[in-house]
Amino acid sequence: MSSANVLDQQSITRKHRRILWASGLGIFLDGYDLSIMAVALILLKQQWHLTPSELGALGTAALVGALVGGLFGGPIADRWGRKTIYLIDIAAFFFAALLSGFAWDAVSLIVLRFFLGLGVGADYPLSSTYMAEFLPKKSRGAAMTWIFGLWMGGALVSSIVGLLLLQVGPDAWRWMLVSGAVPAALVLWLRRNLPESPRWFLRRGRWQEADEVVSWLAPHLNTLERQAALGELAASMEGARQHNWFDLFGKTYRRRTLYAAIPWFLMDVMGYAMAIFLPIMLLHLGLHSHVQALIGNAVFTASFVIGWIPLALLIDRIGRRKAQIWGFLGDAIGLGLVGAFALTGQPPFAIVAIGLIFFQVANSFGPGNTTWIIPTELYPTELRASGHGFGTAFSRVGAAVSVFFLPIIQAHFGVGGLLLILAAAGLLGAILTQILGVEMAGESLPESGAPGHDATMARRAA
C-alpha cells in the first residue's frame, strides 16, 4: 500500500473492528432501552393507571433528553475532541438506567428517562463521527450499516428479556429498566482506552499525537510513510476556515443540513412510534394477551435482518440516497396497507403481519440505517459531529412529537388513521430525499467547504 491517505485506503483490520464494536454498542443501548421501555409501558399503564398524556410523556422523556444531548454533544465533540464525552455519555446512561428501577411515580421516571436520553443523544454524533473518521472510504457505508444493525439487535434482545422478566410479577418493569445498565457497563469497559481521532488532532495542528494514533492503527507503516499519509490528509484540510455551529445553516452547508435533518425527522416520526408503542397497537390489531403482543413485537423486530443484510452488502454500490428513497416508499406502502384495512374494522391478521413486516424490511434497507450514516459524510472534521448532532436533535423532535401524540391520535382516529398518517410521513421522506439528496458513496470525507466542493456534490445529486 502506498503512503496515500491511510485512513481512506487501508483494509478493515482488527483495530477497526474494535473501534466499530466499542462505538456500535452505544447504538445497541439505544435500541435496547427504547424497546424495553415499550414492554415496561404495558405494565405501567395498568399499574399506575396512566392517562394518554402520561403515557406519551413517559415514552417521550428519553427522546427529549436525546434531543438536548445531540444538540450539545456534537459541538462539544468538535471543539474538545471525540474522547471528551466518549465515556461520560455512557456513564450517564448507566446511572440513569440503574436509578430508573427505583422510580416511585410517573414524574420521577420521566426525569430519570430524560437524563438517560441525554447520554443516548450525545453518543449518536460521537459514535458515528468516530467510526467514520477511522474507516476506509471503500467500505465505510457497509461497515457502518453492519454496526447500526446493533440498534435492532438491542431491540430484539430487549423484547426477549422483557418476555422473560414478565414472569417476575407486577414489578417486572423495574427489572426491565435496570437491565439496561448491564450492556452499558460493557460499553464503558470497551471504550476505556481508545485513541482520539487523528483527523481531529490534525485539524488543530497536533501532528505528533495524530502520528501516534496512525502508528497504533497501521503499525506496518514506517515513519516516512506515516508522515506522507498525514501530510496528504492535512493538505485536504488546507483552505478550510474556522467554523462555528451556525455555519451549518449558512450558504455553504444549508442544503446538506436540510438533507441530514429532515428525512431523519420523518424516519423517527414513523420508527419510534412503532418501536415504543407497537406492543400496545398489536392488542388493537388482533392479538389478545401481553405474551402474544410481545412475541409479535419480537417477530416484527427480527424481520429487520431481511432488509439490513442486503443494504450492508449493496450500500457502497447503489449509494445511500437511492436506498433511502426505496426504503421510504416501502415504509409508506407497508403502513398504508395496514392502515387502510384497519379503517374498515378489524383487519385480517395476515394483512397486519404482511404490512408491518414489509414496513420493517423497507425501513431497515433504507432510512432506518441511511439517515444515521448520511450526516457523517456531509461535513468537514470541524463540523462533522455538530452536523450529526443537529440531525440527531432534529430527528428526536420528530420522535418526541410522534410518541407524545400517538396515544392521543390513536384515541381520536383509531389505529387505522394513525398508521395512514405515519405512511404519509414515509412518502414525504422519499420526496425530500430525492430533492435534497447528494451521494457520497465511495468518496473521501470532505475537509473543505469550498464552492468547488459544493459544485461537485451538486453534480452527484443530479
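The values are calculated or read from the model by the stated rules, or taken from the named source; none is laboratory data. Every value quoted in this text rests on a predicted model; they were computed, and no experiment measured them. Ideal geometry is used to build each Cβ from the backbone, glycine not excepted, and the neighbour counts take in all protein chains shown.
Of the residues ALA91, ALA96, the single one that is crowded, with 22+ Cβ neighbours inside 10 Å and either not assigned by TED's automatic domain parsing to the domain that holds ALA229 or not in a helix (DSSP H, G or I) (or both) is ALA96. None of LEU50, LEU34, LEU44 is free of Cβ contacts under 8 Å to residues at least 60 places away in the same chain and closer than 15 Å to PRO279 by Cβ except LEU50. Being surrounded by fewer than 24 Cβ atoms within 10 Å (Cβ to Cβ), outside the structural domain of LEU202 (by TED's automatic domain parsing) and in contact with a helix residue (DSSP H, G or I) (Cβ under 6 Å, 6 or more places away or on another chain) is a property that does not hold for PHE102.
Residues of the stretch 166-181 that are surrounded by fewer than 21 Cβ atoms within 10 Å (Cβ to Cβ) and within 18 Å of TRP104 (Cβ to Cβ): GLY169, PRO170, ASP171, ALA172, ARG174, TRP175, VAL178.
Here's the yes/no breakdown for (1) more than 24 Å from PHE304 (Cβ to Cβ); (2) touching a Phe, Trp or Tyr at 6+ places or on another chain (Cβ under 6 Å); (3) part of a helix (DSSP H, G or I):
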| position | (1), (2), (3) |
| --- | --- |
| GLY56 | yes, yes, yes |
| ALA61 | yes, yes, yes |
| LEU71 | yes, no, yes |
| SER127 | no, no, yes |
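Among the helices (runs of 4 or more DSSP H) confined to the stretch 146-259, the ones with at least 1 residues that are under 20 Å from TYR379 (Cβ atoms) are located at 198-203, 207-217, 223-237. Residues in the stretch 22-39: is at least one assigned by TED's automatic domain parsing to the domain that holds ALA185, surrounded by fewer than 17 Cβ atoms within 10 Å (Cβ to Cβ), over 14 Å from ALA122 (Cβ atoms) and among the β-branched types (Val, Ile, Thr)? Within the stretch 22-39 (the criterion being assigned by TED's automatic domain parsing to the domain that holds ALA185, surrounded by fewer than 17 Cβ atoms within 10 Å (Cβ to Cβ), over 14 Å from ALA122 (Cβ atoms) and among the β-branched types (Val, Ile, Thr)), the answer is no, since none of the residues qualifies.
Annotation: GLY65 fulfils all but one of (1) surrounded by 23 or more Cβ atoms within 10 Å (Cβ to Cβ); (2) at pLDDT below 85; (3) not hydrophobic (A, V, I, L, M, F, W, C); the unmet one is (2). Quick check: is even one residue across the stretch 99-111 within 20 Å of ALA181 (Cα to Cα) and either hydroxyl-bearing (Ser, Thr, Tyr) or touching a Gly at 6+ places or on another chain (Cβ under 9 Å) (or both)? Scanning the stretch 99-111 turns up at least one residue that is within 20 Å of ALA181 (Cα to Cα) and either hydroxyl-bearing (Ser, Thr, Tyr) or touching a Gly at 6+ places or on another chain (Cβ under 9 Å) (or both). The residues on offer are ILE280, ILE262, ILE276, and the sole one that is closer than 20 Å to GLY70 by Cβ, at pLDDT below 75, touching a Leu at 6+ places or on another chain (Cβ under 9 Å) and assigned by TED's automatic domain parsing to the domain that holds SER386 is ILE276. Within the stretch 364-411, being under 28 Å from GLU54 (Cβ atoms) and at pLDDT 85 or above holds for THR392, ALA393, PHE394, SER395, ARG396, VAL397, GLY398.
Does TRP216 fit the bill of being within 30 Å of GLN292 (Cβ to Cβ) and surrounded by fewer than 22 Cβ atoms within 10 Å (Cβ to Cβ)?
Answer is no for this residue.
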